[in-house]
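Peer 1: Handing you a structure now.
The values are calculated or read from the model by the stated rules, or taken from the named source; none is laboratory data. These figures come from a predicted structure and were not determined experimentally. Note that we place each Cβ from the backbone using ideal geometry, even for glycine, and neighbour counts take in every protein chain shown. Protein only, heavy atoms only, side chains kept; ligands, DNA and RNA dropped before computing areas. Shrake-Rupley method; radii C 1.70, N 1.55, O 1.52, S 1.80 Å.
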Amino acid sequence: MASLRLAFMGAAQFAVPALEALAASDHQIAAVYSQPPRPAGRGRKERPTPVHARAAGLGLDVLTPVSLKNADVQSAFASLKLDAAVVAAYGLILPQAILSAPRLGCINLHPSLLPRWRGAAPAAHAILSGDAETGMTIIQMDAGLDTGPILAQTSVPMPPRATTASLEAAMADLGATMLLDVLDAVADGRSTPRSQGEDGATYASKFAKEDGRLDWSRTAEELDRTVRALSPWPGAFFDLGDTTVKVLEAEPVAGGGDPGTLLDREMTVACGSGALRLVSVQRAGKPATDGASFLRGLRLEPGETLA
């Protein structure tokens, strides 16, 4: 097995297992690229990305350019004399000058069964759409959005009750394991990329805050998937008077009535079909609580309607 000189490019927690796998391998990480630290938390202190923090802990050099379109940034990247770059949840567009600089190109980890769910939020869209299976794909990057040829792909059944956070964590671990085999094949000249094609291609767009608003006229199963898919971002919610209530956990149950009607003191709400029990909820600025305690605190009674 040949050792490769690599750059790792990532930001979100999803990319950390792959970084750790590379750091523990025989491959050389010449540099880690991540997005710049940004203000976060109540104190608005600048906080490094999860990849930046983990890379620093591993003693790796971290670079945080705002953009890769700058000529000096591209020249510095080329000067690393890389065999390949590994990209995972980086969040910046790679111009052609970056894609072409490594001898063997750039390799991307994507948590979906490409060409299904190209784009920024594949795990969430797979849950939201009720996909029966999902998986991890590793591609050779090209100028398109997640359109490059497939180097490896593994499908798995959709885990029951998966949230976006739990699904991304599972796919991150799977991707880290697959990555080392892919790099070995690439290094030894055994890799046989295959075209994705366009049959079944879909796009996983980013979500806006308003996408989390629960519409009680929809089925309980659809709303359950919405709660799980939009966890942790942007979160599912409904309005109660002038208060926004975030739904952290829910489950579809038997029951029915006019959509939005509160059916019992366990905070079960009638939907367009079936009913949804709100297991855990949170008012703005308040700690999370179970649905029954929430109702007691607001003195809501069965038969009342939620917005």
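Peer 1: With no solvent and one equal point scatterer placed on each C-alpha of region 1-109, evaluate the Debye formula and give log10 I(q)/I(0) for q = 0.09, 0.15 Å⁻¹, two decimals.
Peer 2: -0.22, -0.59
Peer 1: Rounded to the nearest 500 deg cm²/dmol, what is the calculated helix-only ellipticity per residue at 222 nm for the chain, with -39500 (n - 2.57) per DSSP H run of length n ≥ 4? Don't skip to the end; give the middle numbers.
Peer 2: Values: 8 runs with 78 residues, N = 307.
Counting only the DSSP helices, I get -7500 deg cm²/dmol.
Peer 1: Something else: Given N residues in region 162-307, what is its alpha carbon radius of gyration divided by 2.2 N^0.38 Å? The partial results should precede the final answer.
Peer 2: Working: Rg = 20.5 Å, N = 146, 2.2 N^0.38 = 14.6 Å.
Against the compact-globule rule of thumb, the ratio is 1.40.
Peer 1: To the nearest 10 degrees, how steeply does helix 220-229 sit against the main Cα axis of the chain, on a 0 to 90 scale?
Peer 2: So the helix axis and the longest Cα principal axis differ by about 40 degrees.
Peer 1: Right, another one. With the dipole of the chain worked out from charges on the C-beta (+1 for Lys and Arg, -1 for Asp and Glu) around the Cα centre, which of 130, 90, 115 lies farthest toward the positive end?
Peer 2: Value computed over the given set: 90.
Peer 1: With all protein chains present, how much of the accessible area of region 49-159 (probe radius 1.4 Å) comes from carbon and sulfur, to the nearest whole percent? Numbers along the way, then the final one.
Peer 2: Working: 2500 of 4500 Å².
Summing carbon and sulfur atoms, their accessible area is 56 percent of the total for region 49-159.
Peer 1: Another one. Viscosity 0.692 mPa s, temperature 37 °C: what is the translational diffusion coefficient of region 233-307 from Stokes-Einstein with a Kirkwood Rh over Cα pairs, rounded to a whole number of µm²/s? Can you show the working numbers first?
Peer 2: On the way: Rh = 12.2 Å.
Result for D is 269 µm²/s.
Peer 1: Quickly work out the residue 190-to-residue 300 label distance, labels modelled 7 Å from Cα along the C-beta direction, and quote it in nm with one decimal.
Peer 2: 5.8
Peer 1: Next question, about the same structure. Need one number: the % of Cα-Cα pairs in region 123-198 sitting beyond the 14 Å mark.
Peer 2: Numbers: 1847 of 2850 pairs.
Summing the P(r) of region 123-198 above 14 Å gives 65 percent of all pairs.
Peer 1: Ignoring everything but the protein chains, give the 1.4 Å probe accessible area of residue 94 in square angstrom, nearest 10.
Peer 2: About 20 Å², ignoring ligands and nucleic acids.
Peer 1: Right, next: Per the 1.4 Å probe, what fraction of the accessible area of region 200-284, in percent, lies on carbon and sulfur atoms?
Peer 2: Values: 1820 of 3880 Å².
So the carbon and sulfur contribution to the accessible surface is 47 percent.
Peer 1: At q = 0.16 Å⁻¹, work out log10 I(q)/I(0) for the chain with the Debye formula, treating every Cα as an identical point scatterer and leaving solvent out; two decimals please.
Peer 2: -1.21
Peer 1: Sorted by accessible area with a 1.4 angstrom probe, largest first, how do 286, 81 fall?
Peer 2: Numbers: 286 110, 81 155 Å².
Descending order: 81, 286.
Peer 1: Go through 93, 139 and list them by solvent-accessible area, largest first, probe radius 1.4 Å. Don't skip to the answer; put the middle values down first.
Peer 2: Numbers: 93 125, 139 5 Å².
These residues rank, largest area first, as 93, 139.
Peer 1: Now, a different point. For the chain, what does the accessible surface come to per residue with a 1.4 Å probe? Please give it in Å². Can you show the working numbers first?
Peer 2: Numbers: 14360 Å² over 307 residues.
Ligands and nucleic acids excluded, the figure is 47 Å² per residue.
Peer 1: Say each of residue 120 and residue 221 gets a label point 7 Å from the Cα, pointing the same way as Cα to Cβ; how far apart are those two points in nm?
Peer 2: Result for the modelled spin labels: 3.0 nm.
Peer 1: Against the longest principal axis of the chain, how steep is helix 164-187, in degrees 0 to 90 to the nearest 10, with axes from Cα atoms?
Peer 2: 20
Peer 1: Sticking with this structure for a sec: Among DSSP bridges having both ends in the chain, what percentage is antiparallel? Round to the nearest 5. Could you put the intermediate results ahead of the total?
Peer 2: Numbers: 35 of 54 bridges.
Counting only bridges with both partners in the chain, antiparallel ones make up about 65 percent.
Peer 1: Let me ask something else about it. Among 69, 209, what's the order by accessible area (1.4 angstrom probe), most exposed first? Kindly include the intermediate steps, with their values, before the conclusion.
Peer 2: Values: 69 145, 209 95 Å².
Greatest to least solvent exposure: 69, 209.
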